[in-house]
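Shown next, in C-alpha cells, is the structure this report addresses.
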Amino acid sequence: MTETKRIALVTGGNKGIGLEIARQLAQADVHVLIGARDEARAKAAIEDLASDGLAAGFIHLDLDDWSSAAAASEKIAAEHDRLNILVNNAGIFDFADGVPGKANLDAVRKVMDTNFIGTLAVTQAFLPLLRKAPAARIINLSSSLGSLALNGDPSSPYYANQFIGYNASKAALNMLTIQLHEELRGTSIAVNSVSPGFVKTDLTGYGTMTPEEGARLPVRFALGDEGSGRFVEPDGETPW
C-alpha cells in the first residue's frame, strides 16, 4: 500500500449499507478498515469483499464500549498514522421504540447510547488522526427521520413514523454534524450528515432501495469535495 492511499474506517461495515460502502470505497482504491464488534462477522465480510478481488482489514469497535474506540484509534495510528475517511455508519433500531407516550424507555436509552453517544465517542477518538490527513471526510449516516422540519410537517411522508428514540438519535447526530462543522472550520476536514434513502436492511426489514443503491451517496461524499455542514439525501438537501 502506498503512503498516499486513502485510509477509511467504516463503522458497522460488516453488513448492510456499511458493507456496501466498504465495497464501493475499496473499488475506488481506498484502503478500507471494517469496524465491528463481532470479529467472525467482520471476517465473513472481508471474505465477501475478497471474492470480488477487494482487500479490507478489521478493527474491533463496539459503540457501547467507548474504550474500544480509543484502542482502535491507537491501532490505526500505529499502522497508518492517519485516517482520511470516517464513515459513522453503525447504528441500531429497536421495535420496542415508539411514540413518546408508549416507547420502552430501556429501548430508547439503548438507541440513543449507541446511535449518538457511541458515534460521538468514535468521532472524538479519531479526530486526531483525521487532522493528520491532507483532506479528511466525516460521513454521519443520518436519516430523514432525524429532520425536525419533516417530523413537524403533517404533509411529509415521514410524519407518521414516530419512534422517539431513533428519530431523536438521528436528530442528535445531525447536531453533531452542525457543531463539528463549526469546530472544524478552517481545517481540511469536511463533515456531513448523509441520509442514504429508504434502504432495506436487517435493521428494519423493509425499504425501497438495495444496500448497494443506499451506499452510493455516502461514498460520493466520502470521496469527493461536496462541501461541509450539509444534510443530504438522494433527492437533494434535507431540512434540519
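Of K43/K170; K15/K102; K5/K43; K15/K75; K15/K132; K43/K102, which ones are farther than 27 Å apart at the Cα?
Those over the limit are K43/K170; K15/K102; K15/K132; K43/K102.
Please order S51, S228 by the number of other Cβ within 10 Å, starting at the fewest.
Going from sparsest to densest Cβ surroundings: S51, S228.
Would you mind ranking R6, R109, R230 by Cβ crowding within 10 Å, fewest neighbours first?
Listing R6, R109, R230 from fewest to most nearby Cβ atoms yields R109, R230, R6.
Below 12 angstrom from the Cβ of A50, what's the summed charge of the other residues (Lys, Arg +1; Asp, Glu -1)?
So the surrounding residues net to -1.
Work out the length of the dipole vector of the chain about its Cα centre, built from +1 on the beta-carbon of each Lys and Arg and -1 on the beta-carbon of each Asp and Glu, and round it to the nearest 20 debye.
Roughly 260 debye, rounded to the nearest 20.
Taking only the alpha-carbon atoms of segment 19-104, what semi-axes of the equivalent ellipsoid follow from 5 times the gyration tensor eigenvalues under a square root, in whole Å, largest first?
Each semi-axis is the square root of five times an eigenvalue, giving 28, 17, 12 Å.
Suppose we look only past 12 Å in the calculated P(r) of segment 138-186. What percent of the Cα-Cα pairs does that tail hold?
62
What residue among K110, K75, K15 shows peak mean-square fluctuation when the chain is described by a Gaussian network model with Cα springs under 10 Å?
Result: K75 has the largest fluctuation of those listed.
Calculated from DSSP H runs of 4 or more alone, at -39500 (n - 2.57) each and per residue, what is the 222 nm mean residue ellipticity of the chain, nearest 500?
-12500 deg cm²/dmol
Between R220, R23, R82, where does the largest GNM mean-square fluctuation fall for the chain, given springs only between Cα atoms within less than 10 Å?
Most flexible of the set in this elastic network: R220.
Work out the charge dipole of segment 7-233 with +1 on the Cβ of Lys and Arg and -1 on the Cβ of Asp and Glu about the Cα centre, then indicate which of P211, A8, A136 is farthest towards its positive end.
About the Cα centre, the residue reaching furthest to the positive side is A136.
With the contact rule set at Cα under 8 Å and sequence spacing of 6 or more, what percent relative contact order holds for the chain?
Relative contact order of the chain: 19 percent.
Laboratory data are not the source of any read-out in this text; all were calculated from the coordinates shown. Please read all numbers here as calculations on a predicted model, not as lab measurements. As a convention, Cβ positions derive from the backbone with ideal geometry for all residues, glycine included, and neighbour counts pool all protein chains shown.
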